[in-house]
Structures are given as C-alpha cells and as structure tokens.
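The values are calculated or read from the model by the stated rules, or taken from the named source; none is laboratory data. Source: prediction; values computed, not measured. Ligands, DNA and RNA are stripped out before the accessible areas are found, and what is left, the full protein with its side chains, is counted by its heavy atoms. Shrake-Rupley method; radii C 1.70, N 1.55, O 1.52, S 1.80 Å.
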Amino acid sequence: MMEFRPIEPLWDSLSQPAQPAGQNPAGSLFASVFQSAIQNVRDTNAQQVELEYQLATGQIDNPALVTTAASKASTAALLLMEMRNKAVDTYNELMRISL
C-alpha cells in the first residue's frame, strides 16, 4: 500500500553544508532548492512509471494508485517549470535595471 507523506517546504528539508570562504550561502541555497525540485521530478516520475508497469502486469489492483502517482509527477513538473519561469523573470527584471 502506498504511504502518503505531508507536503514539506523545500527549504526546510535542506541541510546547509559548511561554506568555503568567499562563497555566498544564499547562492548555494538557491541551487539546492532547484536541485531538490529536479530530483523530486525524477523520483515522482520513476514512481509513476513503476506503478504503471505494476498495473499493466497485474501486480496491483488499485488504479487509483497510478492516478495519484501521475498527479504527483505532473504537479512536481509544473512546480519546477514555474520555479524556472520565476527565476528567468527575475533575472530579466534585474537586467533591465540601469545603474
């Protein structure tokens, strides 16, 4: 049976590694959030594929598990795309600032 976990914010689950001198901790947090989102997309997609295979081979009887996994994978991909879009929009806004 599939276990449901509560939704956790990405930044609470990240551990901050020791920062070398001269490195910006905010930049590494930014990269860590994106890496975590990318890994989440990979994991949810792999889970969806595995459940689809199990349903097709008759190993599970509940198609709701497959539907839930597909929904989670879709939501994770949409979240990643929105994060990317917001980051690009922010970058473009910063580029428009004249000094």
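In the full protein assembly as shown, how much of SER36 is accessible to a 1.4 Å probe, in Å² to the nearest 10?
30 Å²
Classify the stretch 28-99 as rounded, prolate or oblate from the Cα gyration tensor: take a ≥ b ≥ c as the square roots of its eigenvalues, call it rounded if a/c is under 1.5, otherwise prolate when a/b beats b/c and oblate if not.
Verdict is prolate for the stretch 28-99.
In whole Hz, with x marking every Gly and Pro, tabulate ³J(HN,Hα) for the stretch 78-91 from phi via Karplus 6.51 cos²θ - 1.76 cosθ + 1.60, θ = phi - 60°.
5, 4, 4, 5, 5, 4, 4, 4, 5, 5, 5, 4, 5, 4
Once fully extended, how much extra length lies between PHE34 and THR90, figured as 0.36 nm per residue of separation less the alpha-carbon to alpha-carbon distance?
Between PHE34 and THR90, full extension yields an extra 18.7 nm.
Probe radius 1.4 Å, ligands and nucleic acids left out: which of MET95, MET83 has the largest accessible area, and how do the rest follow?
Accessible-area ranking of MET95, MET83, largest first: MET95, MET83.
At a 1.4 Å probe radius, which order do LYS72, LYS86 fall into by accessible area, largest first?
Ranking LYS72, LYS86 by accessible area, largest first, yields LYS86, LYS72.
In whole Hz and in residue order, list the ³J(HN,Hα) couplings for the stretch 65-72 that follow from phi through the Karplus curve 6.51 cos²θ - 1.76 cosθ + 1.60, θ = phi - 60°; x for Gly and Pro.
Karplus-based 3J(HN,Hα) across the stretch 65-72 equals 4, 5, 5, 5, 5, 5, 5, 5 Hz.
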